[in-house]
Amino acid sequence: MNKKTTVILTKLKLLGLILYFLILFIERLLAVILSVRLGGEYALLSGNVFNYIAYGITAVSLVAGFVLMIRVLPAMFVSVFTSKEYDFGANYKPVVIAAMLLLFGGMMHTGFTVAPVQFVAYGFLIGSMIVRTIECCMEVKEHALPDGNAGAASAGKGRGFASIVSVIYLTLLAMAVPVSYISFQDMPMRAVFFAAEFTAVFVLVPVFGILLLKFYETGVTSFSFLYPMLVLLLSGLTVGLKWKEEINWFVLIFVVLTTVFYLSFGLIAGKVKR
């Protein structure tokens with residue numbers, strides 16, 4: 001790619017991440033502040049032990065996310081709105097870690113949670129991922145048949161395919177991570193459910209982070225069978241344990257979609273040489 005195209009794509013990736021950080025951080029911060037006493041069953045002082053755990057996780061997420069955000073956002077802002085270049089390749093890891101720390105809070109349902117606003121934030125993150133795939137596909141096209149080598153061209157097309165599969169797979173997997181909700185089931189089922197949903201969040205958010213980091217670094221994520229198996233097990237268990245009280249159709253649908261998509265395309269994309 002020429003330098004102008006590279007700069008534009010980098011700015012778009014940065015802008016998507018910046019908006020993800022700012023929108024989700026503000027939504028989570030306001031939710032915590034406004035729902036200490038208000039928010040009905042999700043109010044911090046409602047007396048339900050779930051809220052003490054969820055608010056604690058959200059507060060830690062906000063603080064930790066802010067500490068890392070403040071280290072990466074200023075340079076990202078400067079790069080987006082000026083001609084100064086941003087070395088994205090050298091900063092993928094801290095950016096992804098900051099994004100995942102903030103996402104822990106996003107996975108906690110609190111009082112005054114505004115789901116549409118959260119989805120807008122996630123949409124900008126996905127938009128940044130799509131730009132990374134476009135970047136990867138353009139790199140493949142630019143290097144296709146550099147010396148008339150048909151094998152190299154075939155490998156390049158395969159990598160472009162794997163990158164497209166990666167962004168779809170990552171989006172589906174992210175949507176399959178269950179948000180932690182309150183439950184009023186009888187004990188001990190309630191305690192088992194809380195343990196299952198918090199475990200799902202604390203395992204699957206880092207899983208998404210690992211896959212996202214590899215995707216940003218190489219343009220293609222990992223297609224190891226371990227990750228969709230963890231989603232199927234942990235998200236499926238969370239849905240199942242609350243089945244009699246409420247069916248979480250959203251997570252259930254995305255668990256099925258993630259599994260089917262992985263089996264249909266992920267296994268094929270995983271065989272592509274990087």
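Looking for something assigned to a loop (DSSP other than H, G, I, E, B), of a type in the set (S, T, Y) and within 26 Å of S166 (Cα to Cα) - is there at least one such residue anywhere in segment 115-123? Scanning segment 115-123, I find no residue that is assigned to a loop (DSSP other than H, G, I, E, B), of a type in the set (S, T, Y) and within 26 Å of S166 (Cα to Cα), so the answer is no. Just wondering, is there one or more residues in segment 33-47 that are touching a Ser or Thr at 6+ places or on another chain (Cβ under 6 Å) and among the basic types (K, R)? No - not one qualifying residue is present in segment 33-47.
Looking at segment 249-269, which of the residues that are among the hydrophobic types (A, V, I, L, M, F, W, C) and open to solvent by less than 70 Å² (accessible area, probe 1.4 Å) is farthest from the chain's Cα centre (by Cα)? Among those residues, the one meeting the criterion is A269. Among the residues of segment 71-80, which ones are touching a helix residue (DSSP H, G or I) at 6+ places or on another chain (Cβ under 9 Å) and open to solvent by 30 Å² or more (accessible area, probe 1.4 Å)? Result: R71, A75, F77.
Of the set (1) exposed (fewer than 13 other Cβ atoms within 10 Å of the Cβ); (2) free of Cβ contacts under 8 Å to residues at least 12 places away in the same chain; (3) under 28 Å from P206 (Cβ atoms), all apply to Y52 but (1). Segment 131-248 holds helices (runs of 4 or more DSSP H) entirely within its bounds, and those carrying 3 or more residues that are modelled with pLDDT under 95, closer than 29 Å to K13 by Cβ and open to solvent by less than 60 Å² (accessible area, probe 1.4 Å) map to 150-175. The residues in segment 217-241 that are over 30 Å from G158 (Cβ atoms) and in contact (Cβ under 8 Å) with a residue 60 or more places away in the chain can be counted, and the count is 2. Filtered by the rule that a residue be free of Cβ contacts under 8 Å to residues at least 40 places away in the same chain, hydrophobic (A, V, I, L, M, F, W, C) and under 19 Å from E217 (Cβ atoms), segment 74-133 gives A75, A90, I130. Being at pLDDT below 95 and open to solvent by less than 40 Å² (accessible area, probe 1.4 Å) is a property that does not hold for V114.
The values are calculated or read from the model by the stated rules, or taken from the named source; none is laboratory data. This is a predicted model, so every value here is computed, not measured. So basically every Cβ, Gly included, is an ideal-geometry build from the backbone, and we count neighbours across all protein chains shown. Note: areas computed on protein heavy atoms with side chains; ligands, DNA, RNA excluded. Shrake-Rupley method; radii C 1.70, N 1.55, O 1.52, S 1.80 Å.
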